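Nothing in this text is a laboratory measurement; each read-out follows from the coordinates by a stated rule. Just so it is clear, the model here is predicted, and its values are computed rather than measured. Note: ideal-geometry Cβ built from the backbone for every residue, glycine included; neighbour counts use all protein chains shown.
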Amino acid sequence: MHRLPPAVLLILLQVEDGRLGRVSDNTNATVDIGPMQVNEIWLPKVAAHWGASVPETFVALRDNLCANLEGGAWILRQGIDEARGDFWQGVGFYHSHSPDHKADYLRKVLRQALRLEAEVGHPVATTTLAAGN
């Protein structure tokens with residue numbers, strides 16, 4: 001999906017720890033929506049990407065797993081493209097452009113990738129994810 005390795009979506013789902021139907025409050029007075037915890041600031045852009053209204057997009061992101069994954073993957077692709085193909089910078093942008101928040105998020109992503117790697121018994125963090133460029 002959007003030229004991303006499936007493993008990165010699985011890892012981000014685990015890091016974000018969202019659920020269908022969940023809307024989580026943030027300290028910056030925004031909310032995160034659904035399994036990929038898509039921030040509401042993305043609603044107009046995702047709605048335009050889908051050719052849908054903002055309210056329809058909100059409901060789809062909140063209540064439809066496929067829509068939430070596609071929206072989250074599309075946002076991640078926007079981050080990687082913004083980072084001029086730098087995969088890890090783009091993954092950090094999925095969460096924040098703030099250097100401190102981005103670094104903290106990337107540490108969480110790496111921990112989750114290494115945990116998944118140990119479970120499946122082959123490299124995930126260094127080969128599968130880097131292949132997503």
Which three extents, in angstrom, do the Cα atoms of the chain have along their principal axes, listed largest first? 41, 29, 29
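Would you mind working out the magnitude of the charge dipole of region 1-119 relative to its Cα centre, with +1 at each Lys and Arg C-beta and -1 at each Asp and Glu C-beta, to the nearest 20 Debye? Walk me through the intermediate numbers first.
Values: 12 positive and 15 negative charges, 35 e Å.
Result for region 1-119 is approximately 160 debye, rounded to the nearest 20.
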Which residue, 91, 15, 120, tops the fluctuation ranking in a GNM of the chain built on C-alpha contacts under 10 Å? 120
From the Cα gyration tensor of region 6-50, with a ≥ b ≥ c the square roots of its eigenvalues, which class applies: rounded if a/c is under 1.5, or else prolate if a/b is larger than b/c, or else oblate? oblate
